[in-house]
Amino acid sequence: MTAVREALWRVEFRTDLTQGAAPVIPVGFLLEAHWKGHARWLGLVFRRKLTRLELDSVNVLTWPEMSNLEPFMTNLFGEAWGFPGSDSSSALGSEGLAARFSPFNALQFVREETPVEAGHFDPVQSFASLYGKLLGFRARLHPILTAPIVPLRRKAKEHDDVDVEVLNKAA
Amino acid sequence: MSLRKFAPTAASYEDNWFDNPIQDILVKIVGQYSATADGACPVELPGGSMAYMKPRPDTQKNLVVAREKIAADLAHLLGLPVAPTVVKRPNPADGACYHSALSLVCLAAGRTWQNGGQVHVASCFEALESLRVFWSWIGDIDHNGHPGNLVYQVTTGGVDVVAIDHSYSLCHQNLNDPLTSGACNGYQTEHLPQSTEVRRKQIAAIQALDATEIERLVRRLGEILTIPEQDRILGILDVRSKALIKMLKMEGV
């Protein structure tokens, strides 16, 4: 069986690092699996923008990228994919990226305890399974600070819409 | 002008942690240990403020903790932006079974230097060059441009910095030779205009420190440092203080 290394990261922005109870803004999830010598898959689901109220709680002088998330997150995805060593060995590009956004940063990559369970490599099933898992995290990317909602007469949807973008690559 | 521009909530800890170096503090661990040499993990203090706790269980203990504490206390004396630190006693209630260093989180929007700090050098060069002299004094070898050991934030008033992680200091690699490490390279401030003046002032401030106060700061850590360890650290600080001018190439400047 092919050995697999895997990691799941929660990307979040802590609005005040000095206070434990300060709001934490969910930004995205990064998922990676690397079957040494066989294949590698990396996926990122992220919010395209923060709400106005969320942005008001961000120090954008220090973190200007938070007001224009989409290109920033797309670049981070590319950085993780191209991280030195991640294409040849069983290293994980996401680990290299996460080290750069350690807990000393307001924007953090936090390792999720939930196992990815990528299993052995199956050319038909593996990528689709990981993609499905990644999409499942959309529900955890709702804004935490929003303007009061004024109810209008309209038929309720079965599921709330979340404004997210999904990127994935396999090789 | 103060170089310590910490969050307002830090003020209530600074003097207390300086005056009471070893304390019983119950913390709540809220994250994982980092993969760095000694490891640090975020913890919440009883009042809701945040700190980082080190070292990780699988690393060296008391000397690491003592170096962190001594560096923070000496920086406090000099008014330099090093995160206030306290020694936490073991407490089975929070899972800490050995003495740890708690390093206060001081910047609300912190960002490590590697994530864009270099473009702000001119705005905070006084703090950085002062720190470089300080690191040179204490024999710190982990701030030679280290990307993760300096945190900054930008505000309308300028750029604030806080130095973290001083466990690789006080000649940790060779305790028998106080001059085993040379001057610290810091963060590319050495050749900036006015840096010579900043350097001169900081050397003078270090050499003017009261030796009995430095001795008191080290000796009071007897709970985690043996007498020979205390003697060695005091010897290192004394020798390096006298060598600072030569070390930083300030002879005749």
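Ranked from highest to lowest mean number of other Cβ atoms within 10 Å per residue, what is the order of the peptides A:124-131, B:204-211?
Result, highest mean Cβ count within 10 Å first: A:124-131, B:204-211.
The magnitude of the dipole of chain B, with charges of +1 and -1 set on the Cβ of Lys/Arg and Asp/Glu and taken from the Cα centre, is near 200 debye. Translational diffusion coefficient of the range B:50-164 (Stokes-Einstein, Kirkwood radius from Cα pairs, 4 °C, 1.567 mPa s): 86 µm²/s. Taking θ as phi - 60° and the Karplus parameters 6.51, -1.76 and 1.60, the scalar couplings of the range B:4-14 work out to 9, 10, 8, 4, x, 5, 5, 4, 6, 9, 3 Hz in sequence order, x denoting glycine and proline.
With an 8 Å cut-off on Cα pairs and a minimum separation of 6 or more residues, tell me the relative contact order of chain A in percent.
Working: 296 pairs, mean separation 58.1, N = 171.
After rounding, I find 34 percent.
Counting only residues at least eight positions apart within a chain, or on another chain, the lysines with an alpha carbon under 30 Å from that of B:Lys69 are B:Lys5, B:Lys28, B:Lys54, B:Lys61, B:Lys88, B:Lys201, B:Lys242, B:Lys246, B:Lys249.
All alpha carbon pair distances within the range B:26-78 were sorted into 10 Å bins beginning at 0; the resulting P(r) in whole percents reads 24, 44, 31, 1.
Quick one: compute the contact order of the range B:140-253, relative version, from alpha carbon pairs under 8 angstrom and 6+ residues apart, as a percent.
Here the relative contact order equals 26 percent.
Taken over the C-alpha atoms, chain B has Rg and Dmax values of 17.3, 57 angstrom. Rounded to the nearest 20 debye, the dipole size of the protein assembly as shown about its Cα centre is 560 debye, using +1 on the Cβ of Lys and Arg and -1 on the Cβ of Asp and Glu.
How high is the relative contact order of chain B, given as a whole-number percent (alpha carbon pairs under 8 Å, six or more residues apart)? In percent, rounded to a whole number, it is 19.
Tell me, in nm to one decimal, what length is gained between B:Val30 and B:Val121 on full extension, where the rule is 0.36 nm per residue of separation less the Cα-Cα distance? Kindly include the intermediate steps, with their values, before the conclusion.
Numbers: separation 91, 0.36 × 91 = 32.76 nm, distance 3.23 nm.
Taking B:Val30 through B:Val121 to full extension adds about 29.5 nm, to one decimal.
Cα-based radius of gyration for the protein assembly as shown, normalised by 2.2 N^0.38 Å, reads 1.08. For the range B:125-144 versus the range B:54-85, the inter-centroid distance based on Cα atoms is 15 Å.
Close amide H partners of B:Asp140, meaning residues 5 or more places away or on another chain with modelled amide H under 5 Å apart, are B:Leu170.
Note on A:Ser67 and B:Thr180: their simple-model spin labels are 4.9 nm apart, each label 7 Å out from Cα toward Cβ. Treating each Cα of the range A:4-148 as one equal point scatterer and applying the Debye formula with no solvent, the log10 of I(q)/I(0) at q = 0.12, 0.16, 0.21 Å⁻¹ comes out as -0.51, -0.85, -1.33.
Add -39500 (n - 2.57) for each DSSP H run of 4 or more in chain A, then divide by its residues: what number comes out at 222 nm, to the nearest 500 deg cm²/dmol? List each step's numbers first, then the result.
Details: 4 runs with 36 residues, N = 171.
Per the formula, -6000 deg cm²/dmol.
Computed from point charges on the beta carbon alone (+1 for Lys and Arg, -1 for Asp and Glu), the dipole magnitude for chain A about its Cα centre is near 380 Debye.
Any read-out appearing in this document is the output of simple, stated calculations on the displayed coordinates, not a laboratory observation. As the structure is a prediction and not an experimental result, all values here were calculated from the model. Every residue, glycine as well, gets a Cβ built from its backbone with ideal geometry; the counts of neighbours run over all protein chains shown.
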